[in-house]
Amino acid sequence: EGLVLTFAFEHQPDPAAQRALKIFLRQIEESIESAISGMSGRSEHDAIAEFLLEPDFHKFPELVEHCREVAVLAQRIAKLLELPAVQVENVRLAALVHDVGLRLLDYERLYKRLNLTEEETRGLAEHPVVGAALVDPLLGTDVAQAVLRHHERVDGKGYPSRLSGQQIPLS
């Protein structure tokens with residue numbers, strides 16, 4: 001709060017310099033926002049997210065790796081979309097914990113089975129709801145909403161709520 005940075009140019013920069021300056025500005029903004037969010041408990045949120053992956057998920061290293069890879073990709077996409085640093089962090093956290101709702105299911109029995117019964121499929125489809133309920137009190141509503149909606153589809157054929165298009169939160 002109270003930080004003011006100014007730049008002045010004797011002549012208007014050429015287009016290439018303007019693009020470079022825009023990138024530089026975004027990096028400065030991200031650094032400042034990261035520093036601010038870091039002071040408000042980023043490492044705490046990371047520890048909570050890691051805790052949510054333990055101990056059950058480490059029986060399934062492929063699932064842990066999937067969650068980590070999704071987090072990296074989601075963070076990259078959020079940055080490419082030039083989302084604010086706080087939203088990028090929420091996207092990263094949500095991606096890391098997006099499947100934690102699976103931990104309360106009989107995942108060991110269902111893991112990598114191809115022909116699930118209708119009842120098993122319905123149970124598996126509840127994992128976003130369970131995950132959001134686990135995440136909300138620990139990582140906040142924004143992260144929980146992203147977890148809840150991670151299987152929604154633009155065409156409305158996703159789950160749990162069959163949202164479509166703009167109804168689906170960006171995160």
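The values are calculated or read from the model by the stated rules, or taken from the named source; none is laboratory data. Remember, it's a predicted structure, so these values are computed and weren't measured experimentally. Counting neighbours? That spans all protein chains shown, and the Cβs are built from the backbone with ideal geometry, glycine included. Quick note on the areas: whole protein, heavy atoms, side chains included, nothing else; ligands and nucleic acids left out. Shrake-Rupley method; radii C 1.70, N 1.55, O 1.52, S 1.80 Å.
Please determine whether any residue of the stretch 111-120 is open to solvent by 30 Å² or more (accessible area, probe 1.4 Å), modelled with pLDDT of 95 or more and of a type in the set (K, R).
Scanning the stretch 111-120, I find no residue that is open to solvent by 30 Å² or more (accessible area, probe 1.4 Å), modelled with pLDDT of 95 or more and of a type in the set (K, R), so the answer is no.
For (1) under 30 Å from R109 (Cα atoms); (2) among the basic types (K, R); (3) at pLDDT 65 or above, each residue gets a yes or a no:
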{"site": "Q12", "(1), (2), (3)": "no, no, yes"}
{"site": "P15", "(1), (2), (3)": "no, no, yes"}
{"site": "E30", "(1), (2), (3)": "no, no, yes"}
{"site": "G41", "(1), (2), (3)": "no, no, no"}
{"site": "E44", "(1), (2), (3)": "no, no, yes"}
{"site": "A49", "(1), (2), (3)": "yes, no, yes"}
{"site": "E54", "(1), (2), (3)": "yes, no, yes"}
{"site": "P61", "(1), (2), (3)": "yes, no, yes"}
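Please give the number of the condition V147 fails out of (1) at pLDDT 95 or above; (2) in contact with a His (Cβ under 7 Å, 6 or more places away or on another chain); (3) open to solvent by 20 Å² or more (accessible area, probe 1.4 Å).
(3)
Of A71, A133, which residue is under 28 Å from L25 (Cα atoms) and either of a type in the set (K, R) or without any contact (Cβ under 8 Å) to a residue 40 or more places away in the chain (or both)?
A71
Looking only at the stretch 141-149, decide whether some residue is closer than 23 Å to A78 by Cα and assigned to a loop (DSSP other than H, G, I, E, B). Lay out the reasoning, then the answer.
Our first condition is that a residue be closer than 23 Å to A78 by Cα; within the stretch 141-149, this holds for 141-149.
Restricting the remaining residues to those that are assigned to a loop (DSSP other than H, G, I, E, B) gives 149.
Yes, because at least one residue in the stretch 141-149 is closer than 23 Å to A78 by Cα and assigned to a loop (DSSP other than H, G, I, E, B).
Output the residue which, of all residues in the stretch 61-103 that are part of a helix (DSSP H, G or I) and acidic (D, E), is farthest from the chain's Cα centre (by Cα).
Out of the qualifying residues, it is E62.
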